[in-house]
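To start, the structure under review is shown below, and the notes come after it.
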Amino acid sequence: MSESKTPFEKANAKPEVQRWTGAVSANDGGGFVTYGDYLDVWRKVQRQFDSLDGLEHRARKAESDLAAALAERDALAARVEKAEASRWQPIETCPESCRGEYPKYVLFYNGYHIGVGFCYPSEDGDGGTLYLDEIDEIVTPRPTHWMPPPLPPGNDAALSREEKS
């Protein structure tokens, strides 16, 4: 008597299904793949995607944090530059005024007193510099340091608001 086969058994008897189940059996150690096995694989893949989403979120946050840190660094560098500009600096770095234009006034210090003045390149061709006070007299002894003059009254509030922002 011939046994009747179920539709599942008939489907498994097809050559392409046997090749596929044989390949799966070879890959998983010899068992059949069940719906539960598919769910397990799907859950693993879903966890991988969730993990990638988390990494993408963390990467975007790190990028945002980096941009904020760079902006803060730039702001601090500008404040340091302003602070450095208002300190006494070596006389060799003093900005020179050009003949015929309004002088660039600075504060001079020569070891004895502080005065207002400006510097011009020497006209005798030796590459030297003349340090003149506000009435065009040569400063003696020669200044050792200079600094820009302070801001006029009323600009201090604007400057402090700038530094706070």
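Annotation: E101 fulfils all but one of (1) over 39 Å from the mean Cα position of the chain (by Cα); (2) surrounded by 10 or more Cβ atoms within 10 Å (Cβ to Cβ); the unmet one is (2). Counting only residues that are assigned to a helix (DSSP H, G or I) and modelled with pLDDT of 80 or more, the stretch 140-165 holds 0 of them. Of all residues in the stretch 88-104, those being at negative phi and of a type in the set (G, A, S) number 1.
Would you say C94 is in contact with a Phe, Trp or Tyr (Cβ under 7 Å, 6 or more places away or on another chain), surrounded by 10 or more Cβ atoms within 10 Å (Cβ to Cβ) and farther than 20 Å from L151 by Cβ? When the stated conditions are applied, C94 does not pass them.
The values are calculated or read from the model by the stated rules, or taken from the named source; none is laboratory data. Since the structure is predicted, the reported quantities are computational estimates derived from the model, not experimental observations. So basically every Cβ, Gly included, is an ideal-geometry build from the backbone, and we count neighbours across all protein chains shown.
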